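Quick note: the coordinates plus some simple rules give every number you see, no bench work behind them. Please read all numbers here as calculations on a predicted model, not as lab measurements.
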Amino acid sequence: IRIQPQNWFPLYSTKKPPKVDGKLKDWPLLQYQELTPIVEADPFSHQGDQDGSFAFDMIYDEEYLYLVAKVVDDQIEVNDQDAPYSIDGIGFQLHLGPIAKSAAYGGYGAPQLLISPSESGKGEGNVLNKSRLPEGTQTACRLTEYGYVVEAALPLSALKAAQGGDWKSLRLNV
């Protein structure tokens with residue numbers, strides 16, 4: 001089954017880029033809310049009504065595309081030795097090519113930011129295959145009282161290269 005992009009959402013530019021520090025102070029409102037918890041593990045391990053839910057947003061400036069996610073998690077499992085997909089984490093899959101190509105593309109080989117909180121609860125987070133992300137990518141992941149916050153900045157040069165100059169669209173799977 002191939003699922004095509006569901007909706008078009010506007011992507012806003014900013015004159016004041018957020019600091020990539022794992023804090024929400026530069027993000028007054030997260031536009032995109034996933035209120036239905038997503039559980040890909042033992043369904044009995046999730047207790048609260050919001051456990052497993054998340055909200056996210058993205059903006060861009062002249063140099064970077066910025067992503068942020070607020071993840072609600074009642075019981076966080078972290079281990080710097082484990083991959084983010086085997087513990088608590090979130091993933092952003094970025095389809096950088098033109099929309100006609102990305103809409104028909106299954107996603108293999110697309111840059112993926114899979115990240116989980118580090119054991120310290122701050123810093124860049126536990127990032128899977130960071131060397132496969134566009135050069136210059138910045139990440140931050142911070143534990144909070146409700147779960148964790150992830151922030152990332154991806155160089156627009158990667159989008160421009162994939163689309164042959166000025167970029168027009170981006171497909172993002174969260």
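Here are a few things to note about the model shown:
- Long-range amide H partners of Gly22 with built H, under 5 Å: Glu151
- Cross-link partners of Lys70 among lysines (Cα-Cα below 20 Å; sequence separation of 8 or more within a chain): Lys19, Lys23, Lys25, Lys122
- From the C-alpha gyration tensor of segment 127-174, square roots of 5λ in Å: 26, 13, 9
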